[in-house]
């Protein structure tokens, strides 16, 4: 299977040339920006998005354990996607596109491993889908960043478009299909950590924990208002 896209015209290679051709027409400084963004920047942005979501969830009133557990699953799913990709890469053994297509403008040198599937695409999408399970709005932003990551990998000339699509599929499958099992295992652990005086701050902020303890029960408040009468109310009723 080493010659999966070695030669010949096909949509995968055509799209590779179309997207990578943008790098040839772009200014040198823009290519350097895309090199950093595609190699490190977008992955860092998704990680920061996960941290921002964690900060938001722990400040929310109510039971934060399921949301924090889902968020904890996101990096675990990304790591698992990389592990699963190791045998996939060795089995497919697809060379990097610049090895079979010398005319490409390669922005990152030193890539000697196989091309299918893209680790960057798998990791960012696994993080984004795990983030989506925890928080829809943050997750949609993360998925947008993951799609941009896939575009950058093709733009840089280090992956075929199908490498990126395969990475997206792998990251989504790992994060989504294993999510119920991960939630069942992680939620009790997170709840246990949340009850700890010190480590509990990882699950809930001090203000959120305080508000949940002091917030009165509406039903109890209504019952009390129905039972309690102002001082002297009985005497006024008899006088009337």
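The values are calculated or read from the model by the stated rules, or taken from the named source; none is laboratory data. Quantities reported herein were computed from a predicted structural model and do not represent experimental measurements. For neighbour counting, all protein chains shown are included, and Cβ atoms are generated from backbone atoms with ideal geometry for every residue, glycine included.
Residue 104 - would you say it is part of a helix (DSSP H, G or I) and either surrounded by fewer than 16 Cβ atoms within 10 Å (Cβ to Cβ) or assigned by TED's automatic domain parsing to the domain that holds residue 174 (or both)?
Values: part of a helix (DSSP H, G or I): no; either surrounded by fewer than 16 Cβ atoms within 10 Å (Cβ to Cβ) or assigned by TED's automatic domain parsing to the domain that holds residue 174 (or both): yes.
No; evaluated as a whole, the condition is false for this residue.
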Tell me, yes or no, whether segment 44-62 has at least one residue that is farther than 27 Å from residue 192 by Cβ and surrounded by 19 or more Cβ atoms within 10 Å (Cβ to Cβ). yes
For a quick check of your reading: which helices (runs of 4 or more DSSP H) sit entirely within segment 131-218 and have at least 3 residues that are under 15 Å from the mean Cα position of the chain (by Cα), modelled with pLDDT under 95 and surrounded by fewer than 24 Cβ atoms within 10 Å (Cβ to Cβ)? 136-155
